[in-house]
Structures are given as C-alpha cells and as structure tokens.
Ligand code: GDP
Ligand code: MG
C-alpha cells in the first residue's frame, strides 16, 4: 500500500462517550465485519473489558475503505479510557497522525476528554472533534461545541455530528479521516524503523508485537534487531488485524500491523522500542516512551498455605499477559507466605483481582492497598517503599515523601464549594478554576495520591450527583509528616494491618480504624482488645466483648432449616477468615483501613 492512501488514527474520549461503539460502527461500515458476525464491541476482547465496558489494552485494526474510486487503508488504534492506563494512550497516539476526539452530545467535555485531547495536542496530531450520541432525546450540541472551543482551543466549526449507535453521520467520519488527517511521511526504501506500541501474549503463537512502521519495510524471514534491548530475532510472521490476525508478505513505511518472532516472554519485548534490520540498521532509535510506573501495592495471601505455589503460578500467568503488573514473594507474621503485588492504579488492581478469582480457585486475603513512598534516610540514601511493614525506625528517617498528583475536576458550578471542601480535607493545594460555560467549571488541585486513589472518585460522584468527573497525573514526590500506624489485636501487633498516615489525622484515622475492626471481627469466647499505635504509643482503642452463648442458641426452639441457613452462612464467612493466634480475622477487616477516614 502506498503511503498516500494510508491513514493512522485513534479515537480518544472520556469513558462511556462511545469510543467502542464508534469503532464497531467503523468496522461494520467498512465491511471489516458483517452484521451477521458483528459481536458487540469487537475491540474489547478481554472478558473483563466486556464485563465492565471499559477498554483496557490498546488494539489496532486495519480497515479498507473505498473513497472516490480509491481504496484507502485506515488503521484504527484503539486506546483505553481510564486514568490508570494513561501511558497506553500516549503509546497509541505516538503511532498515529490523527485522532477523533469523541464527545457525548449531552455530557459534554469531561475530565478525560481534556486529558486525552492534551495528550494528542502534545504529539501534534490532527484532531477531529466528533459530537456523538446526537440521537439522544436531550442533547446540548451547541454548548458542547462551545466547551470544545473554550477548554480545548479546537475549531468547533469543523466538528462532526454523529450517532455511533445508529450509524448516522458515520460516513462523514470516514471522509474527514481521509481528507483531514495527513498521510504518513516515511519511505519504504529507507532503513527500517518500526515503533513497538504494544504487545500481547497469545498462548498459541507466543508474543505478538504490534508495530507502526515509520521508515522502511519488514518481511517474513527478515533478521531484525530491537534497538534498545539489543535482541536479534527472525521474523516468523508479518500481518495485520483485519480485524483478526491476517498474515501478509510484508509491511511498508506508514503501515500498522504485527510481527511474530522467536520472542517467548512478554517481558523480553519493550513497548516503545524500535525495530530495525540487523544487516541495514537505522541510525537511531525512535523516541521511546515513559515507563509505566506502578503506583499501588497490596499483599495477596492464600488462605490455605498449601495454595502458595498455585498462587505463584496464577500470578505468573497474569504477568505474562500484562507486563505492567508485578509480584514478589513476601511473608507476614499474621498472614504467612504471600506476594507483594504492584499495579498502575486501583482499577488495574481490581481487574487483576477479579481475574484471579475468575480463573483460579484460590481463596485470597488481600491487604489494604498503599501507594509507593520515597524515604530519605539519615545516611543520605533514598529508599523506595511499597510496604508499610518496611518503614524503618522514625529516628533513621530524614524525610518521608509521598507521591503528589495534579487533579483535574470538571463539575457543575453549584458543586464547586463541596468539591473544594473535600479537597481541603484531603490536604489539597488549590491551583485554579476555569469556567467551561455558565454551568460547568474545571477545578485543578494538587493532592497526595494516597488521598485520591481509594475513594475520591466515588465521593466526587456522590457529591455531584454523578455529574462530576476527574482525571489525575502523578507529578512527583513531596515531603510530608507521615508515620506508620500499627494495629494490635489482643495486644499482639498484626503486621498486615499496618498503614502509613499523616500525623495530623493519625488519631482520627486510628479511632476510625479500630471502630471498623470491631464491626468486622466477630465475637469470640474471650474479650479482644483492639489498639492503634504510633511508635509504641497507643492512640486509639476499642474492645470486642466476649461471646456469651453459641450463636445457634438464638434459634432456640426454631426450626431446623433456619439453623441450617445460619450454619451455611457461617461456613461461607469462614472461607475468607484467617486464624491469627486465637483470633479469626476476616478478609474485610484488612480493608478497613481504607474506610477509616
Ligand atoms: P466507551 O467507554 O467510550 O468505549 O463507550 P461505549 O462505546 O462502550 O458506549 C457507552 C454507552 O453509550 C453504551 O451503552 C453505548 O451503547 C452508548 N452509546 C454509544 N454511542 C451512542 C450513540 O450514538 N447514541 C446513544 N444513544 N448511545 C450510544
Ligand atoms: Mg470502550
């Protein structure tokens, strides 16, 4: 395919604004799939993505489209919409010349619309604003266009109006892609430079490497070199996704597709690396990517110690499919042998957790997630810390630093007050407010990541009756007055319940935590004192009183089915209990820390 007839583009949008629906519609109208085998959301092929209606991994599809007597190759690179996967958005954009910026005709510009549009502007893409869902009974098309102009500085007169659901206006999308997005600029005769923008593990074929050719061409049998990692491989297969894997002889400059090589493990391919020929090397590698950073960690422990090896296998499988997830063995006095797992964010954590539950049969105890801290020690060393249990003696810490994020909120103007109060309570630092129109505003705050990730999104939703949206980006680390808070159950420290808190709110958090623990841990035959402590000093306490009689005594005289139900309920509850000394601590107790604010 000659480069004049190639267009490479992405669809960017706030979550739920219709990206997947539009992608499906483009596939359908270009004939890549037929109505008959049209399956909702073709591009979201992970089960979990379909379950939750979110796109996690970037995908690429080559469409053939006939326009004014000429066949064009339109490469659609799908992007994830959630904040945890920001880095994958920029990856995908680097492989494109243009982007469709999709905005819901009623909801208008939202937090991720802004973040994604800025990411596209940063890499100089041609942006085509598209107002979607014009079929809705109530729309605000004109206001939405105003927002696109004021907030994003894009020319709204050039915006398209479509319904991805009904297909109305979708032919104007094809026309705009062909007429407005520049064709790629490389030459097939130059030395090969291909950008790896994604990779995927396939249990039959091994590692599938997604590439965008910038210069040169690549064919089956070529000997290639990964410029950054230095690995040399032979190309076993070259092809495109149309939309299924379809092999071809070669790919030329400007094209998007995949290669399969002898690489067996996902971790041996660096996304962002450049592929060149071993015998005719490119002079330099293409600009790479920022490495994705794991910002959230938690412990995962099998309830049955004998499941440890099985859990290791399952986690290994997960990381084969997802290089941004990591795990390593750790031990806890309270929980025994388990793993410390690292994630990009809370959603990423939930996804992996859900998959573990779906795909394996292991009962797990998960400890409360925490962010990564940076410590400057007295000796001048800097230490990264991802487990509250590892906090050294207060005396040896010079500075305790936590990750800080710039958070961009879009809320109805009537909610600005509540939002600001919420941010102030979370140690926020106000940056500015910008009005999108008479009723909506963008408010920017700097907040500690730890204060955002657990429940900020939920609180924002409830404070704004669902109208507020947010997006954030970690900008660096800042020193804060942080301390480790220990928890003692029946006078014994339970390491897996330790957390890191800000000194100013430690008492309040401590009181909240022991109170919640009291609710979560059921009564035993004896009294259980619960205490929160900082550096050995008790700051909060509660006591679980002793159980007087057997629970079934409650059903005295009652019928047996009722008793059976109660026993069954107790048995189910047991599945997720961990015996700690004489005390049984349920899974939910380990997450109490999150709600103790
Ligand atoms: P994504 O999160 O951006 O991928 O959004 P989806 O494509 O999953 O769409 C989110 C929801 O909006 C789904 O329920 C779609 O059926 C619906 N939707 C998408 N496009 C349209 C449209 O043009 N009109 C209407 N009425 N609903 C749409
Ligand atoms: Mg989607």
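The values are calculated or read from the model by the stated rules, or taken from the named source; none is laboratory data. In this text the structure is predicted, and so the values were computed from the model without any measurement. Ideal geometry is used to build each Cβ from the backbone, glycine not excepted, and the neighbour counts take in all protein chains shown.
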Going by what's in this entry, would residue 68 be described as away from ligand 2 (no atom under 16 Å from the Cβ), at pLDDT 90 or above and out of contact with any helix residue (DSSP H, G or I) (no Cβ under 8 Å at 6 or more places or on another chain)? yes
Which numbered condition trips up residue 473, out of (1) more than 29 Å from residue 336 (Cβ to Cβ); (2) part of a strand (DSSP E or B); (3) modelled with pLDDT of 90 or more? (3)
Taking the condition within 25 Å of residue 298 (Cβ to Cβ) and loosely packed, with under 13 Cβ neighbours inside 10 Å, does residue 374 pass? no
Could you grab me the full set of residues in region 441-459 that are part of a helix (DSSP H, G or I) and touching a helix residue (DSSP H, G or I) at 6+ places or on another chain (Cβ under 7 Å)? 453, 459
Return the residues of region 229-249 that are under 28 Å from the mean Cα position of the chain (by Cα) and assigned to a loop (DSSP other than H, G, I, E, B); say none if nothing qualifies. 229, 242, 243, 244
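Residue-wise test of (1) in contact (Cβ under 8 Å) with a residue 12 or more places away in the chain; (2) surrounded by fewer than 19 Cβ atoms within 10 Å (Cβ to Cβ); (3) over 19 Å from residue 4 (Cβ atoms).
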{"site": "202", "(1), (2), (3)": "no, yes, yes"}
{"site": "228", "(1), (2), (3)": "yes, yes, yes"}
{"site": "233", "(1), (2), (3)": "yes, no, yes"}
{"site": "243", "(1), (2), (3)": "yes, no, yes"}
Scanning region 22-54 for residues that are buried (at least 18 other Cβ atoms within 10 Å of the Cβ) and near ligand 2 (Cβ under 9 Å from one of its atoms), which turns out modelled with the highest pLDDT? 23
Please determine, by comparing only the residues of region 154-169 that are touching a strand residue (DSSP E or B) at 6+ places or on another chain (Cβ under 9 Å) and not in a loop (DSSP other than H, G, I, E, B), which one is nearest to ligand 1 (Cβ to nearest atom). 161
Lone qualifier among 368, 441, 405, 463 - being touching a strand residue (DSSP E or B) at 6+ places or on another chain (Cβ under 9 Å), under 18 Å from residue 485 (Cα atoms) and in contact (Cβ under 8 Å) with a residue 12 or more places away in the chain: 368
Would you call residue 129 surrounded by 22 or more Cβ atoms within 10 Å (Cβ to Cβ) and at pLDDT 95 or above? yes
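Condition check ((1) within 16 Å of ligand 2 (Cβ to nearest atom); (2) crowded, with 20+ Cβ neighbours inside 10 Å; (3) at pLDDT 95 or above; (4) within 19 Å of the chain's Cα centre (by Cα)) across all residues:
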| residue | (1), (2), (3), (4) |
| --- | --- |
| 57 | yes, yes, no, yes |
| 79 | yes, yes, no, yes |
| 104 | yes, yes, yes, no |
| 114 | no, yes, no, yes |
| 123 | no, no, no, no |
| 149 | no, no, no, no |
| 153 | no, no, no, no |
| 156 | no, no, no, no |
| 168 | no, no, yes, no |
Those helices (runs of 4 or more DSSP H) completely within region 85-153 that have 1 or more residues that are without any contact (Cβ under 8 Å) to a residue 40 or more places away in the chain are 111-122, 141-152
Could you count how many residues in region 278-302 are over 26 Å from residue 449 (Cα atoms) and surrounded by 19 or more Cβ atoms within 10 Å (Cβ to Cβ)? 3
